[in-house]
Amino acid sequence: MRLFIALFVVFSISSCGGGGSADNTNSKNTGPTLQLSSSATSVKAGESVTITADAKDSDGSIVSYQWQQTSGTGVELASDATTTLTFIAPNVTVTENLIIALTVNDNDGASIQKSISIQIKEINNAPTIAIESSHATASVGIKVDLRANVTDEDIASITYLWKQVQGPELVLSDTSLSTLNFVVPDVSSASNVILSLQVTDNTGQMSTAQTSISLLPKQSIPPEVYPLSYDVNLISLEETLLSVSATDSDGEIVSYQWQQISGPDLTFEDNGVDSLSVTVPELSIHQQATFEITVMDDDGLSSKTTLSMNLFPRYQVTTVKGRTDGKGVDLIILAEGFGQDELPLFEQAVADFVQAFEQEETIKVHQQAWNIHRIDSISEQSGADFPEDNLYVNTVFDAYFQCGGIARLLCVNSSKALAVTAKLAPQFDQVIVVVNSSTYGGAGGQVATFSLAPSAEGIAIHELGHSFAGLADEYNYGATDDTIYEPNEPNATTITIPTEVKWRHWFEDIDNIPTQSGQTGVGLFEGARYHAKNYYRPLDNSIMKELGQPFGPVNAEAWALNIYSTAGSILSVKPDEEHINHASDTPLTFTINPVHAPDNNKITWLVNDVEQSSDVNKPTQLTLNTPPSSSYTVKVEIIDNSGLIKKDTQQQAKASYTWSVTAQ
């Protein structure tokens with residue numbers, strides 16, 4: 001096979017030129033010539049380059065062109081290019097030479113190759129600038145901060161030059177940094193200032209940007225003023241000092257002006273300062289007075305505020321029972337929603353309450369400690385508000401039913417009630433308000449309330465159970481929160497382990513305590529604090545669950561302990577000095593005056609720590625006919641023995657007094 005191919009090639013060669021003379025058979029092929037030229041020898045990335053080929057063949061013709069890149073960053077070459085080749089210079093990061101070679105072939109198979117070099121230069125983009133300003137508009141004295149955010153794709157080093165090109169002359173900070181600041185100068189009218197920033201990179205490429213800021217003349221800020229006297233409650237002939245506070249951020253306060261704009265004429269003298277002394281005139285009905293206070297600054301700008309006061313007459317205070325010196329427990333009963341001609345109705349309501357109060361089996365045990373006073377606080381109109389029904393009346397303590405969305409919950413303005421009480425009966429310990437309404441209602445809290453509904457006295461005692469003794473409601477409806485936690489009240493618990501229950505000292509048989517409805521005695525009855533489940537009460541029923549029921553042992557103990565914590569055990573002693581002298585030939589009598597009836601106390605006398613018998617039929621008195629020694633002590637101890645208190649952790653129901661005696 002190889003021999004056949006070789007012969008075929010030889011035969012083909014010998015037959016070329018067919019029919020020629022012997023001289024033509026020996027002639028040689030002249031190869032083509034080639035010259036390359038370019039539209040540019042140096043270009044930037046992205047520019048177009050055209051290379052032109054001048055190829056000739058003196059004894060034939062050019063039959064093919066083959067372009068190729070032999071060096072440099074790759075470019076795309078047209079596959080069908082012949083005598084011209086056009087391409088786009090590539091992106092380069094540094095200047096480089098790109099070499100393109102062309103090979104041409106003639107019809108006799110001869111070829112020639114030549115190359116051409118094109119310099120490709122990197123593009124140096126000018127930096128771009130964005131200027132940020134802290135203020136588009138600024139007033140006199142405001143500091144304006146500018147920041148240049150410069151982007152340069154070539155990662156070149158940048159120099160900065162800030163210039164002011166328009167507007168009032170500014171004092172600029174360092175103009176060669178990327179940041180610039182200035183303080184707005186004193187300008188008399190609004191104007192614009194234009195600042196220019198020129199940035200240059202290390203190749204000399206430059207960019208410029210401008211920003212404009214509006215400059216305003218000094219903008220005076222009005223002063224601020226607010227009252228320092230809040231919730232002001234005054235009674236007839238009372239004098240008080242009202243105050244406001246004013247500030248001016250860009251200057252100073254130059255004047256204060258007080259003007260009464262509503263209410264009865266008060267006595268005052270405006271001295272143009274931040275406080276005002278006022279005196280309330282004689283009043284026959286509660287009213288409100290309002291002052292408007294205007295403050296002015298040194299720029300002539302002013303601001304106003306108002307200050308209102310609740311004004312009350314000096315209501316009649318009547319002591320219904322007990323003392324007036326503040327010793328004991330002082331209960332103040334206020335009238336609410338009673339007009340002048342309705343005061344007899346209020347007096348009767350108080351009398352009915354006191355009678356029921358004194359007869360309640362728990363309360364009457366320590367009744368001697370209670371002092372009850374009535375304040376005839378007259379209202380402009382009768383009754384109470386019903387906000388959900390849009391019914392309102394003008395009453396002295398703003399009483400309203402439907403408090404907290406609960407129809408029978410009867411609330412008052414406690415601030416007003418306490419203020420009037422403190423001014424007219426400063427010795428008070430407990431306050432309760434009688435509301436002139438036949439609608440059933442009441443409330444506990446710092447100020448208790450009850451209405452004139454049937455069973456009003458029972459409502460009052462129930463509410464005092466809350467306010468005075470800190471007792472919880474023991475009924476099992478009305479809860480709005482299912483959260484379970486151990487309550488603070490002494491008559492409600494979530495604990496079901498008998499040995500850990502807070503009233504376990506009242507269990508008759510801790511291993512067999514009553515728990516079911518109908519059972520008697522202190523136990524654990526489920527349902528209390530408005531919850532049917534998980535909360536427990538001490539008794540199946542009590543006054544804290546249902547009106548007309550007794551307190552029961554646990555609640556009674558809490559009531560009694562609060563009496564002792566409020567009133568103590570001893571009203572007075574004689575002699576009323578701790579250190580006394582005892583003449584040897586004169587009897588010396590020691591006396592204790594207890595808060596509570598002697599029958600409810602165990603009184604013990606000791607001389608030099610040795611127990612002594614009291615005077616005959618006088619447990620509150622001890623007489624020593626002669627001094628037992630040159631110096632000695634006499635001590636009297638008093639402790640509750642009413643049977644209402646079993647556990648007195650803080651020893652509230654126990655007291656003592658000691659005299660130091662020197663014989664003469």
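The values are calculated or read from the model by the stated rules, or taken from the named source; none is laboratory data. As the structure is a prediction and not an experimental result, all values here were calculated from the model. Cβ: placed from backbone, ideal geometry, glycine included. Neighbour counts: every protein chain shown. All accessible areas refer to the heavy atoms of the entire protein, side chains included, with ligands and DNA or RNA removed. Shrake-Rupley method; radii C 1.70, N 1.55, O 1.52, S 1.80 Å.
Annotations
- Residues satisfying the stated conditions in segment 297-321, i.e. of a type outside the set (Ser, Thr, Tyr), open to solvent by 30 Å² or more (accessible area, probe 1.4 Å) and farther than 28 Å from Ser284 by Cα: Asp298, Asp299, Gly300, Leu301, Lys304
- Segments classed as strands (runs of 3 or more DSSP E), wholly inside segment 270-374, with at least 2 members that are at positive phi, in contact (Cβ under 8 Å) with a residue 12 or more places away in the chain and touching a helix residue (DSSP H, G or I) at 6+ places or on another chain (Cβ under 8 Å): none
- Residues that are crowded, with 16+ Cβ neighbours inside 10 Å and not basic (Lys, Arg) within segment 322-334 comprise Gly322, Gly328, Val329, Asp330, Leu331, Ile332, Ile333, Leu334, listed in sequence order.
- Here the condition is being modelled with pLDDT of 95 or more and part of a strand (DSSP E or B); of Leu215, Leu241, it holds for Leu241 alone.
- The single condition from (1) open to solvent by 40 Å² or more (accessible area, probe 1.4 Å); (2) under 18 Å from Gly72 (Cβ atoms) that Ile120 fails is (1).
- Which listed residue, of Lys114, Lys28, is basic (Lys, Arg) and either under 30 Å from Ala190 (Cβ atoms) or loosely packed, with under 14 Cβ neighbours inside 10 Å (or both): Lys28
- Of all residues assigned to segment 552-563, none qualifies as being within 30 Å of Gln368 (Cβ to Cβ) and in contact with a Gly (Cβ under 6 Å, 6 or more places away or on another chain).
- Residue ID - least open to solvent (accessible area, probe 1.4 Å), chosen from residues in segment 421-467 that are modelled with pLDDT of 95 or more, closer than 20 Å to Ala567 by Cα and in a loop (DSSP other than H, G, I, E, B): Ala425
- When Ile603 is tested against the conditions (1) among the aliphatic types (A, V, I, L, M); (2) touching a residue at least 40 places away in the same chain (Cβ under 8 Å); (3) closer than 25 Å to Gly322 by Cβ; (4) outside any loop (DSSP other than H, G, I, E, B), the lone failure is (2).
- Looking across segment 255-290, the residues that are aromatic (Phe, Trp, Tyr) and either touching a Cys at 6+ places or on another chain (Cβ under 9 Å) or open to solvent by 30 Å² or more (accessible area, probe 1.4 Å) (or both) come down to Tyr256, Phe268.
- Only one of the listed residues (Lys635, Lys646, Lys654) is touching a residue at least 12 places away in the same chain (Cβ under 8 Å), of a type in the set (Lys, Arg), open to solvent by 70 Å² or more (accessible area, probe 1.4 Å) and out of contact with any helix residue (DSSP H, G or I) (no Cβ under 6 Å at 6 or more places or on another chain). That residue is Lys654.
- Among the residues making up segment 224-237, a single one is open to solvent by less than 40 Å² (accessible area, probe 1.4 Å), modelled with pLDDT of 95 or more and not in a strand (DSSP E or B): Ser236.
- Of the residues examined, Ile639 is one that is assigned to a strand (DSSP E or B) and within 30 Å of Arg504 (Cβ to Cβ).
- Only listed residue being under 17 Å from Asp231 (Cβ atoms) and more than 34 Å from the chain's Cα centre (by Cα), chosen from Gly272, Gly263, Gly300: Gly263
- Of the residues making up segment 89-111, those that are open to solvent by 70 Å² or more (accessible area, probe 1.4 Å) and either free of Cβ contacts under 8 Å to residues at least 60 places away in the same chain or touching a His at 6+ places or on another chain (Cβ under 8 Å) (or both) number 5.
- Members of segment 561-594 found to be in contact with a Ser or Thr (Cβ under 7 Å, 6 or more places away or on another chain) and of a type in the set (Gly, Ala, Ser), listed by number: Ser584
- Candidates Val150, Val199, Val165, Val187 - the one that is modelled with pLDDT under 95, open to solvent by 70 Å² or more (accessible area, probe 1.4 Å) and either farther than 23 Å from Leu301 by Cβ or part of a loop (DSSP other than H, G, I, E, B) (or both): Val165
- Neighbours by Cβ (under 8 Å, 6+ apart or cross-chain): first from segment 391-420, farther than 13 Å from Ala448 by Cβ and modelled with pLDDT of 95 or more; second among the β-branched types (Val, Ile, Thr) and surrounded by fewer than 21 Cβ atoms within 10 Å (Cβ to Cβ): Phe401/Thr439; Val420/Ile235
- When residues of segment 354-401 are limited to those that are more than 39 Å from the chain's Cα centre (by Cα) and among the hydroxyl-bearing types (Ser, Thr, Tyr), the one most open to solvent (accessible area, probe 1.4 Å): Ser382
- Only one of the numbered conditions (1) in contact with a Phe, Trp or Tyr (Cβ under 6 Å, 6 or more places away or on another chain); (2) part of a helix (DSSP H, G or I) is violated by Ser377, and that is (2).
- Number of residues in segment 477-489 that are surrounded by fewer than 19 Cβ atoms within 10 Å (Cβ to Cβ) and out of contact with any Phe, Trp or Tyr (no Cβ under 7 Å at 6 or more places or on another chain): the value is 9.
- Candidates in segment 504-515 are the residues that are in a loop (DSSP other than H, G, I, E, B) and out of contact with any strand residue (DSSP E or B) (no Cβ under 8 Å at 6 or more places or on another chain); of these, the one that is most open to solvent (accessible area, probe 1.4 Å) is Glu508.
- Any chance Thr86 is over 30 Å from Val150 (Cβ atoms) and open to solvent by less than 50 Å² (accessible area, probe 1.4 Å): no
- In segment 484-503, the residues that are closer than 11 Å to Arg537 by Cβ and in a loop (DSSP other than H, G, I, E, B) form Cβ pairs under 9 Å with partners that are at pLDDT 95 or above and open to solvent by 80 Å² or more (accessible area, probe 1.4 Å), at six or more places apart or across chains, as follows: Trp503/Lys647.
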